[in-house]
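Engineer: Sending over a structure as structure tokens; questions will come in a sec.
The values are calculated or read from the model by the stated rules, or taken from the named source; none is laboratory data. No experiment lies behind these values; they were computed from the predicted model shown. Reconstructed Cβ throughout: ideal geometry from the backbone, glycine too, with neighbour counts over all protein chains shown. Calculation scope for accessible area: heavy atoms of the full protein, side chains included, ligands and nucleic acids excluded. Shrake-Rupley method; radii C 1.70, N 1.55, O 1.52, S 1.80 Å.
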Amino acid sequence: MEDSVVIALKDQHFEPVGSVVEVTASSHDLVGLPTGNAEPVSSAWLDELADGLSEHGWMTLDVAGVLGRPLLASLASEVGLLDRTDAMKRAGIGRGTDLTRDRSVRRDRIAWLQGITAPQAALFDFFGAIQAGLNQRLFLGLKRFEAHYATYQAGDFYKKHLDSFQGRASRVISLVLYLNESWQPGEGGELQVFNRENDNEVCAQVVPEAGRIVVFLSEEIPHEVLPAHRTRHSVACWFRQDEVPLPL
């Protein structure tokens, strides 16, 4: 079973529901994604990402040109189908037998990615390039990653939290990829990022527009999802230092 996510109330944490993908990235620095319009993940792009994480602990980037619009559209189609067919499960808070689904803390639904469809395989290539690139530049010792789709319906939210326990050597880097075309001002659903030195200070509100990613240090950057006013789809990914899921 997976380790957990700390939320704003320090005695609670999140445990993912479902199976977890375990993928080891290859060591190459350039990965071409088989999506038609995609570009390779360049060393310069990875340098920019590593510099942002080192300096601020988080960064937001537009990756529509890297991933390509066809891949983003395919991922959006997949998560939309899962949502419409009730294949996504409500995420919980707690661990093991203490797992609860507290709708006062979070209201999203999730479905874990296995990498078995063509869009997911292409996305995993991208994640693998990031894993290898950050290991080369920041010496993080990342060994694997896990990812799930997340859907927020109108009115859904996720209160302020961290993505990992301090010192667990598990989730180290968090990444969120947005899949929502033509997101308009006033539609909510922004990712609110807080200062790691003062978690009452808001650093940014990131609009969940298709092709936008947010990457941050899992143990250090508090964040929350503000209430959405339309259906909001994303992929959440965590890069980890542990070899296998930690036991209960």
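Engineer: Quick one: net charge of Asn195's neighbours, Cβ under 11 Å, K/R +1, D/E -1?
Structural biologist: Neighbour charge sum, excluding Asn195 itself: -3.
Engineer: I've got another one for you. Show the residues, 5+ positions off or on another chain, whose built amide H is closer than 5 Å to the amide H of Ala154.
Structural biologist: The answer is Thr231.
Engineer: Further, regarding this structure: What order, most packed first, do the peptides 134-140, 170-176 have when packing is the mean number of other Cβ atoms within 10 Å of each residue? Please list the in-between numbers first.
Structural biologist: Values: 134-140: 15.7, 170-176: 22.3.
Per-residue Cβ counts within 10 Å, averaged per peptide and sorted highest first, yield 170-176, 134-140.
Engineer: Determine the gain in length on full extension of the stretch Gln166-Glu181; use 0.36 nm per residue of separation and subtract their C-alpha separation, reporting nm with one decimal.
Structural biologist: 1.9 nm
Engineer: Which value in nm describes the separation of the simple spin-label points at His56 and Ser42, placed 7 Å from the Cα toward the beta carbon?
Structural biologist: 2.0
Engineer: Okay, next question. If I take R0 = 35 Å and measure r between the Cβ atoms of Asn200 and Val244 in this structure, what FRET efficiency does the formula 1/(1 + (r/R0)^6) give, to the nearest 0.05?
Structural biologist: Computed FRET efficiency for Asn200 and Val244: 0.40.
Engineer: Further, regarding this structure: Please list, in order along segment 148-153, the HN-Hα scalar couplings obtained from phi with the Karplus expression 6.51 cos²θ - 1.76 cosθ + 1.60 (θ = phi - 60°), rounded to whole Hz, x for Gly and Pro.
Structural biologist: For segment 148-153, the Karplus curve yields 9, 6, 9, 10, 10, 7 Hz.
Engineer: Could you pull out every residue, at least 5 positions away or on a different chain, whose amide H is within less than 5 Å of the one on Ala210? Hs are placed 1.01 Å off N in the peptide plane, and Pro or chain starts have none.
Structural biologist: Asn180, Glu181, Ser182, Trp183
Engineer: Hey, can you grab everything whose amide H is under 5 Å from the amide H of Ala204? Only 5+ residues off in sequence or another chain; H modelled, so Pro and N-termini drop out.
Structural biologist: Residues meeting the amide H criterion: Val193.
Engineer: Can you compute the FRET efficiency between His229 and Ala121 using 1/(1 + (r/R0)^6), with r the Cβ-Cβ distance and R0 = 22 Å? Round to the nearest 0.05.
Structural biologist: Once the sixth-power term is evaluated, E becomes 0.10.
Engineer: Would segment 167-247 count as rounded, prolate or oblate if I go by the C-alpha gyration tensor, calling it rounded below 1.5 in a/c and otherwise prolate when a/b exceeds b/c, oblate otherwise?
Structural biologist: oblate
Engineer: How large a share of the accessible area of segment 139-248, in percent, is made up of carbon and sulfur atoms when the probe is 1.4 Å and the other protein chains stay in place?
Structural biologist: That share works out to 52 percent.
Engineer: Give a residue-ordered list of calculated ³J(HN,Hα) values for segment 105-115 (Karplus: 6.51 cos²θ - 1.76 cosθ + 1.60, θ = phi - 60°; whole Hz; x for Gly, Pro).
Structural biologist: Each residue's phi maps through the Karplus curve to give 9, 8, 9, 7, 10, 9, 8, 6, 7, 10, x Hz.
Engineer: From the phi of every residue in segment 173-181, what ³J(HN,Hα) in whole Hz does the Karplus formula 6.51 cos²θ - 1.76 cosθ + 1.60 yield, where θ is phi - 60° and glycine or proline is x?
Structural biologist: Couplings: 10, 9, 9, 10, 10, 9, 10, 10, 6 Hz.
Engineer: Express the accessible area of segment 141-226 per residue in Å², computed with a 1.4 Å probe while the remaining protein chains stay in the model.
Structural biologist: Numbers: 2950 Å² over 86 residues.
In whole numbers, segment 141-226 has 34 Å² accessible per residue.
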